[in-house]
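No value in this document is a laboratory result; all are computed from the given coordinates. Bear in mind that the values here come from a model prediction, so they are computed numbers and not experimental data. Here the Cβ is made from the backbone with ideal geometry for all residues, glycine too, and neighbour counts use every protein chain on show.
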Ligand code: DQA
């Protein structure tokens, strides 16, 4: 059971960036929470963050044959990236989309998500807890592919 947790641009700035929207906890706090949850569930996880679209695409490509599930918060690339959608489709690894904030209640452009077409679930507006919920969704997939 191996899960890749991916974070896109500016999520390394959690705790500093727009605390009214994303909270005061840091990216390190997020990683710690995910690691603790995975340990509790007996899941092996890798947490990855990049500010570069191409790096995120390459990471998804390299997940093939290595990871059984992907949790992805593409951050701003959610609203722009066909490349991330195509990469997910290419590897066909079950994936859940996560957003810390409720993107449906913000600017109109944040309601657009390219990866949503591929991901079997989206969790938005649950704060950091969205990541652990996404991991649990992957663990409880009806297909039991993990
Ligand atoms: C985000 C929402 C995006 O619109 C934004 O660009 C982000 C973070 C979220 O987690 O709420 O960087 O994905």
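Can you compute the helix-only [θ] at 222 nm over the chain? Use -39500 (n - 2.57) per DSSP H run of at least 4 residues, normalise by all residues, nearest 500 deg cm²/dmol. All intermediate terms of the calculation are to be shown ahead of the outcome.
Numbers: 5 runs with 50 residues, N = 146.
My calculation for the chain gives -10000 deg cm²/dmol from helical runs alone.
Quick one: compute the contact order of segment 2-141, relative version, from alpha carbon pairs under 8 angstrom and 6+ residues apart, as a percent. Intermediate results must be reported in sequence, preceding the final value.
Working: 240 pairs, mean separation 36.7, N = 140.
Relative contact order for segment 2-141 comes out at 26 percent.
For a test of the definition: using alpha carbon positions, the gyration tensor, and the 1.5 limit on a/c, classify segment 95-146 as rounded, prolate or oblate. Each step should come with its number before you reach the end.
Values: a/c = 3.98, a/b = 1.67, b/c = 2.39.
The shape class here is oblate.
Order these by the 10 Å Cβ neighbour count, fewest first: 58, 132, 78.
Details: 58 13, 132 20, 78 26.
Ascending Cβ contact count within 10 Å gives the list 58, 132, 78.
Specify the inter-centroid distance of segment 92-146 and segment 62-77, based on alpha-carbon positions, in whole Å.
Segment 92-146 and segment 62-77 have Cα centres separated by 11 Å.
Using the Kirkwood formula on the Cα atoms of segment 2-141, what hydrodynamic radius do you get, in angstrom to one decimal? Write out the running numbers ahead of the final one.
Working: mean 1/r = 0.0675 Å⁻¹.
Hydrodynamic radius (Kirkwood, Cα pairs) of segment 2-141 is 14.8 Å.
Taking other Cβ within 10 Å of each residue's Cβ, how do 67, 109 sort, fewest first? Kindly include the intermediate steps, with their values, before the conclusion.
Working: 67 25, 109 11.
Result, fewest neighbours first: 109, 67.
For a test of the definition: using alpha carbon positions, the gyration tensor, and the 1.5 limit on a/c, classify segment 16-72 as rounded, prolate or oblate.
On the way: a/c = 3.21, a/b = 1.24, b/c = 2.58.
Cα axes put segment 16-72 in the oblate bin.
Using the number of other C-beta atoms within 10 angstrom as an exposure proxy, rank 93, 60 with the fewest first.
Numbers: 93 21, 60 25.
With the sparsest Cβ surroundings first, the list reads 93, 60.
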